[in-house]
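Chemist: One structure, as structure tokens, below. Some questions next.
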Amino acid sequence: MVSSFHGLETSKRALLTQQVALNTIGHNISNAATEGYSRQRVNLINASPLSAPGFNRIFTPGQIGAGVEYSSITRVRDSYLDMQYRRENQDKGMNGVYNATMEAIQTIINEPSNTGVSAVMDKFWNSLEVMNRDPNLLSARVDFIGNAKNMADTFNKIGTSLTTLEGDINSNIDIKLQEANQLINGIAELNGTIRKIEMLGDHANDYRDQRDVLVDKLSKIVDVQYTEDASGMLNVYSAGIQVVNGQLPTPLTGANVAGITSGEIAGYKKSQTDIIQTRDQLDALVDTLINGEIQITMPNGYKTSTPMIADNEVTAVDEFGVSTTYAAGTTIPANSKITTSAKFTVEGFNGVHKLGYTLNSPAETGLDFFTLKDPTLPFSIDNIEVNPEIQKDTNKVAASGQFEGPLTGMLAIKGNSDIALALTSLRNLKFEFPADMTSLSTGTTDDYFRAFVSDLGTRSSIADTNYKKSSDLTDNVEIRRQSVSGVQMDEELTDMLRFQHAYNAAARNMTAVDEMLDRVINGMGLVGR
């Protein structure tokens, strides 16, 4: 038999349930702007009816309902969208860092501009042509040395900037490792909290949201894979190792960086490779210009200051006036005057300059125009300078290819510009460059630098395209994820009105039952008193 107070109990249960629903809506609205918050829903179910199935039953037909109650409060979340977002977020983190690095490299190279390498090299070659027209002109020599020094300094500045950029990247990798380890520790701590709460049968909604935020942030820094065990704890893997095992975190170290395949740290690794590639490409330009093997042609009248080997048959007059024809590949004695054009194989700009004679008395020869800052290292953008002796004395620019007098007291013939002309011709001479540096293996220094800039521009364009693409994909997934998990104010206000009316109706029902019981208890049984 149904109790007289069954209606009160049903109304009370409805009031309490609608109140929980309203409180949950208030919680949603309060966290509408909270990062990573997932809207929560109260799952309403019918309360168990009074009569349970069995061999004995009450005589009242049908089952009397007991109203409403809630079975749980759960968050609205799509695990597939979470997984997809983190996968795209990893690529966005990597491409974002790499794109920023390529932009920084382009800024360092500064092309095209009036102060970039191409403009500086143009001034260098142009000043050499001016000196070729009048090698004795002091202002021309000063201008040539100044432009040569400016070119070397420009290469040095690029080298310093690339080294600084490498240092910044290494520092950022250390910083990102620390951030990743903090997130890993946070995930492990939240695993323990969630396990304790859900062992009691509750849903740790807010703690799960906090943990998901940490996983989202971790996915931007490193590659992330994860699984959830039966107790609700996440096991997280990154860089080929398990970084979270339940409540046990394993920090990432520098030794793990090589195993990181995506995220910002992978972007920094990729950036390091491109910085090294950029440096190697420019080093190849510098080393080839200074030391690259080339063949030049010296005109009639050139005098050898050292024994030299020509690549063709040459007729020369020795210091005693005896004319001799030398076959290709044979040695021409020092102090021989060439009467036919001769082809010599020399090592780049320095090799040609060594063939000339200075204006000093006696004239000097065999002087390097560019020298090494550190003699133990090869020529590179960091390790090149104009010979300090030449910087101090403009007469030591070896522009002449002829001299007067014996070797011990020879004087360069003033006005002769055979070597200056040969140096000027290097601008249009084709060098052999390392085949794996750019798309150009044979060409002039200008051609090679244009190929380098083109290669850099292509890599930068691809980096920018990939970053925009990954950003769009990440944003699209986040929009879809927010459409599922985000707090929608219109929907929450609609539910608020719905639960408010349900609450008011339950209260009105309780009032009606109360009035009925009052009539039964206080108003009945008075007849005949």
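The values are calculated or read from the model by the stated rules, or taken from the named source; none is laboratory data. Fair warning: this is a prediction, and the values are worked out from it, not measured in the lab. Positions of Cβ are backbone-derived with ideal geometry, glycine not excepted, and every protein chain shown enters the neighbour counts. The accessibility values were calculated without ligands, DNA or RNA, using every heavy atom of the protein model including side chains. Shrake-Rupley method; radii C 1.70, N 1.55, O 1.52, S 1.80 Å.
Chemist: What is the spin-label model distance, in nm, from Leu200 to Thr297 if the labels are put 7 Å beyond Cα along the C-beta direction?
Modeler: Calculated label separation equals 9.6 nm.
Chemist: Under a Cβ-Cβ cut-off of 12 Å, what is the net charge of the residues other than Lys414 that fall near it, where Lys and Arg count +1 and Asp and Glu count -1?
Modeler: Net of charged neighbours comes to -2.
Chemist: Residue by residue through the range 180-196, which ³J(HN,Hα) values in whole Hz follow from phi under the Karplus form 6.51 cos²θ - 1.76 cosθ + 1.60 (θ = phi - 60°), with glycine and proline marked x?
Modeler: Going residue by residue, I get 4, 5, 5, 5, 4, 4, x, 5, 5, 5, 5, 4, x, 5, 5, 4, 4 Hz, with x marking Gly and Pro.
Chemist: Still on this structure, please answer the following. Would you tally the net charge around Val76, using a Cβ to Cβ cut-off of less than 9 Å, leaving Val76 out, and scoring K and R as +1, D and E as -1?
Modeler: Value of the local net charge: +3.
Chemist: Determine the gain in length on full extension of the stretch Val76-Asn245; use 0.36 nm per residue of separation and subtract their C-alpha separation, reporting nm with one decimal.
Modeler: Fully extending the segment from Val76 to Asn245 adds 58.2 nm.
Chemist: What nm distance separates the two modelled labels at Thr107 and Lys469, each placed 7 Å from Cα along Cα→Cβ?
Modeler: If labels sit at Thr107 and Lys469, their model points lie 2.6 nm apart.
Chemist: Could I ask something else about it? Solvent-accessible area of Met102, probe 1.4 Å, all protein chains present, reported in Å² to the nearest ten, please.
Modeler: Rounded to the nearest 10, that gives 0 Å².
Chemist: Tell me, what is the Rg over Rh of the range 235-293, with Rh the Kirkwood radius over Cα pairs?
Modeler: We get a ratio of 1.33 for the range 235-293.
Chemist: Taking R0 as 30 Å, what FRET efficiency do you get between Phe5 and Leu44 from their Cβ-Cβ distance, rounded to the nearest 0.05?
Modeler: Computed FRET efficiency for Phe5 and Leu44 comes out at 0.85.
Chemist: Using the alpha carbon gyration tensor of the chain, what are the three equivalent-ellipsoid semi-axes (square root of 5 times each eigenvalue), largest first, in whole Å?
Modeler: 91, 20, 16
Chemist: Using a 1.4 Å probe on the protein heavy atoms, what percent of the accessible area of the range 13-143 belongs to carbon and sulfur?
Modeler: 53
Chemist: Extension gain Leu493-Gln391, at 0.36 nm per residue separation less the Cα-Cα distance, in nm?
Modeler: Result: 28.6 nm gained on full extension.
Chemist: Which residues in the range 294-316 place their backbone N less than 12 Å from a point set 7 Å from the Cα of Lys343 along the Cα-to-Cβ direction?
Modeler: The answer is 295-298, 310-314.
Chemist: Could you list log10 I(q)/I(0) for the range 268-369 at q = 0.10, 0.12, 0.19, 0.21 Å⁻¹, which the Debye formula gives when each Cα is one point scatterer?
Modeler: So the normalised log intensities are -0.39, -0.50, -0.92, -1.06.
Chemist: Now a separate question. Taking amide hydrogens as modeled 1.01 Å from N in the peptide plane, which residues meet the under 5 Å criterion relative to Val244, leaving out close sequence neighbours?
Modeler: When sequence neighbours closer than 5 places are left aside, the close amide H contacts are Val236, Thr250.
Chemist: Send over the semi-axes of the range 325-411's equivalent ellipsoid, whole angstrom and largest first, taken as the square roots of 5 times the C-alpha gyration tensor eigenvalues.
Modeler: Semi-axes (√(5λ), whole Å): 26, 19, 9.
Chemist: Something else: Can you list the residues, at least 5 places off or on another chain, whose amide H is less than 5 Å from the amide H of Thr74, using H built in the peptide plane?
Modeler: For Thr74, the qualifying residues are Arg41, Asn43.
Chemist: Tally up the carbon and sulfur contribution to the accessible surface of the range 269-341 as a whole percent, 1.4 Å probe, everything protein left in place.
Modeler: 51
Chemist: Another question, then. Using θ = phi - 60° and the Karplus relation 6.51 cos²θ - 1.76 cosθ + 1.60, list the HN-Hα couplings for the range 155-168 in order, rounded to whole Hz, with x at every Gly or Pro.
Modeler: 4, 4, 5, 4, x, 5, 5, 5, 5, 4, 5, 4, x, 4
Chemist: Sticking with this one: Per the 1.4 Å probe, what fraction of the accessible area of the range 467-529, in percent, lies on carbon and sulfur atoms?
Modeler: 57
Chemist: With label points built 7 Å along Cα→Cβ from the Cα atoms of Ile521 and Ala100, find their separation and express it in nm.
Modeler: It is 7.1 nm.
Chemist: Within straight cross-link reach of Lys337, meaning Cα distance under 19 Å, which aspartates and glutamates are found once same-chain residues fewer than 8 apart are removed?
Modeler: Candidates past the 8-residue exclusion: Asp311, Glu313, Asp318, Glu319, Glu364, Glu404, Asp418.
Chemist: Something else: Once you keep just the Cα pairs under 8 angstrom separated by 6 or more residues, what percentage relative contact order results for the chain?
Modeler: Details: 885 pairs, mean separation 101.2, N = 529.
Averaging sequence separation for qualifying contacts and normalising by length gives 19 percent for the chain.
Chemist: Over the range 375-529, what lengths in whole Å, largest first, do the semi-axes of the equivalent ellipsoid take, defined as the square roots of 5 times the eigenvalues of the alpha-carbon gyration tensor?
Modeler: Gyration-tensor ellipsoid for the range 375-529: 101, 18, 11 Å.
Chemist: Continuing with the same structure: Counting only Cα atoms, I'd like the Rg/Rh figure for the range 76-202, Kirkwood definition for Rh.
Modeler: Taking Rg over the Kirkwood Rh, I get 1.38.
Chemist: Write down the accessible area per residue of the chain in Å², having rolled a 1.4 Å probe over the full set of protein chains.
Modeler: Accessible area per residue, the chain: 49 Å².
Chemist: Asn126 to Asp318: FRET efficiency via 1/(1 + (r/R0)^6), r the Cβ-Cβ distance, R0 41 Å, to the nearest 0.05? Present the calculation step by step, with values, prior to reporting the outcome.
Modeler: Working: r = 39 Å, r/R0 = 0.94.
It comes to 0.60.
Chemist: Ordered by residue, what ³J(HN,Hα) values in Hz, to whole numbers, does the range 289-296 give under the Karplus form 6.51 cos²θ - 1.76 cosθ + 1.60, where θ = phi - 60° and Gly and Pro are x?
Modeler: Running phi through 6.51 cos²θ - 1.76 cosθ + 1.60 with θ = phi - 60° gives 4, 7, 10, x, 6, 9, 10, 10 Hz.
Chemist: Enumerate the amide H contacts of Ala363 below 5 Å, restricted to partners 5 or more residues apart or on another chain; note that Pro and chain-start residues carry no placed amide H.
Modeler: Residues meeting the criterion, in which the H sits 1.01 Å from N, are Met410, Leu411, Ala412.
Chemist: Count the net charge of all other residues whose Cβ sits under 15 Å from the Cβ of Val224, scoring Lys and Arg as +1 and Asp and Glu as -1.
Modeler: Net charge in that neighbourhood comes out at -2.
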